[in-house]
Amino acid sequence: MRKGDITFINVSLPLEDPNHLFELSIRGGRWNTVQRQPHIQDSLTHIPISNAGVEPSPDGLIDLEGRMLLPGFVDAHMHLDKAYSIYKVGNKSGTLLEAIDNYRESVQLFSKEEITKRMVKAAMRAASFGSVVLRSHLDFPARWGKEVVFRTIEAALEAREKVRPYIDLQFFPMVPYDPEQQNEINDWVEEAFRMGIDGLGGAPHLSPDPAAHVEWAFRKAVRHDKSLDLHVDESDDPMVQTIDDICRETIRWGYQHKVNAGHLCALAAREQEDAERVISLMAEAGVGAITLPAVNLYLQGRGDKGTVRRGVTRVKELLGAGIPVAAASDNIQDPFHPFGKGDLVQIGLVTAYAAHMAGEREMYDLLHMITSHPAQLTGLTDYGVKPGNTARFVVVDACHPREMFTEVPGNRWVYNHGRWISVMTQASVWPDFDKNAAAVL
């Protein structure tokens, strides 16, 4: 057995077959065998992962003792450049509009080094919780000129190189639409693509002419064969309806499965019949959906009295229509959201609360929303626990999805780029408690 080759026994693969345990092997950084076990295997020659220490595979033979092994988490919507800026950029009202205004005024004051440092910190924390791919939207403050715009883009590209051994980053700048400055903006977008930016983002519902913004974004994306990942209708107002234009443009340009709609808060406020029409249109257009439950629960409904709208989109209805739905972190400790740490298990739990998902089948839906669905929405092809695929995964200290979302276990073992990149373990010590009783805790 070569160094780095690993064999696992007694593995739970809930996304493949929740009713059996598996034996797996990694050879040369790729999944080699994935085979069902007829029964629990004797672990005399295998080391339980809980006893393997900082290096979980000293001899390449590991017993997971029924724990779940999941393909690495994919966080499909983050704002790494804004992470941890809450300490410099406040938000007294807690509203989305104040957060936008305050960050817009502050961004010119951040150095490239500061932005890079924040991005690296947020990405590495996400990796430690089990994420292997992050898609981050980037601020594109055109009003402050090219130097400030490219300060963030250069910081993002530098951060990507720093964390490359641990986690993969995708970047989508949130490009505004401004007819008076559009020639400059077009040139800057072209340059950003040449530098290695992955796709095009934006928030058309905030534009003075949303329809024109949507059309411009499609023309630019199609010309460069780039995916579109847009902030869509992040509003409590059911009359904010850019998703309709986005779906029609997707069909017009034949861009199915290359467009994502994040937030979709206004969809939750629409009348039922209208919402069903929109969801059907999204399914026809092949537009993916990304829900950001923690941030929208925090931001939305701030102006409501009595019955307060919470802004989380129609998760179960979108899933029921066959639309891939991802749950993602969005903002981490910034003026848009003062909480968060990039742990998608925690985000899955928040999604369960917000979308009323507690049934047995819904536990598996939640798993898909932080693994296979965001992998699909971010264009990953070499993904999943299948022979031949690259091995990138997280082992969680739980044997069932419900246990994982209930306990949000701190013990995680994360493997990416051909090696263990992070091991987090924790233990409780009860010095004055009866040892026999403490053993059941």
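Here are a few things to note about the model shown:
- Cα Rg over Rh - the chain, Kirkwood: 0.98
- Of Lys316/Lys341; Lys121/Lys220; Lys162/Lys316; Lys88/Lys316; Lys146/Lys226; Lys117/Lys146, those spanning more than 30 Å from alpha-carbon to alpha-carbon: Lys121/Lys220; Lys162/Lys316; Lys88/Lys316
- Dividing the Cα radius of gyration of the stretch 107-239 by its Kirkwood radius returns 0.98 for Rg/Rh.
- Packing here is the average count of other Cβ atoms within 10 Å per residue, and on that basis the peptides 322-334, 131-143, highest first, run 322-334, 131-143.
- Derived value for the stretch 142-193: Kirkwood hydrodynamic radius 12.1 Å. Basis is the mean of 1/r over every pair of different alpha-carbon atoms.
- Note on the stretch 190-231: percent of Cα-Cα distances in each 10 Å bin, starting at 0 and stopping at the bin with the largest distance, equals 30, 54, 16.
- Considering the stretch 273-375 at the alpha-carbon level, its Rg and Dmax are found to be 13.9, 39 Å.
- Convex hull volume of the stretch 65-111 per residue (C-alpha atoms, cubic angstrom): 158 Å³
- For the stretch 309-384, trypsin sites (Lys or Arg not before Pro) are listed when DSSP marks them as loop and at most 15 other Cβ atoms sit within 10 Å of their Cβ; the list is Lys341.
- Accessible area per residue, Å², the stretch 83-225 with all protein chains present, probe 1.4 Å: 42 Å²
- Proximal aspartates and glutamates to Lys305, defined as alpha-carbon separation beneath 15 angstrom and excluding residues fewer than eight positions away on the same chain: Asp236, Asp237
- Here the Gaussian network model covers the chain, with springs between Cα atoms less than 10 Å apart; of Asp81, Asp304, Asp397, Asp304 fluctuates the most.
- Modelled spin-label separation between Arg310 and Tyr87, with each label point placed 7 Å from Cα along the Cα-to-Cβ direction: 3.1 nm.
- Summing charges over all other residues whose Cβ lies under 15 Å from the Cβ of Lys220, with Lys and Arg as +1 and Asp and Glu as -1, gives -4.
- Sorted largest first, the spans of the alpha carbon positions of the stretch 174-258 along the three principal axes are 38, 29, 18 Å.
- Heavy-atom accessible area per residue - the stretch 334-441, 1.4 Å, Å²: 47 Å²
- Each other residue within a Cβ distance under 13 Å of Ile153 adds +1 if Lys or Arg and -1 if Asp or Glu, for a net charge of -3.
- Using all pairs of distinct alpha-carbon atoms, the Kirkwood hydrodynamic radius of the stretch 317-441 works out to 16.8 angstrom.
The values are calculated or read from the model by the stated rules, or taken from the named source; none is laboratory data. Computed from a predicted model, the values in this text were never measured in an experiment. Methodologically, a virtual Cβ is constructed for each residue, glycine included, from the backbone with ideal geometry; neighbour enumeration extends over all protein chains shown. Please note that ligands, DNA and RNA were not included when accessible areas were found on the heavy atoms of the full protein model with its side chains. Shrake-Rupley method; radii C 1.70, N 1.55, O 1.52, S 1.80 Å.
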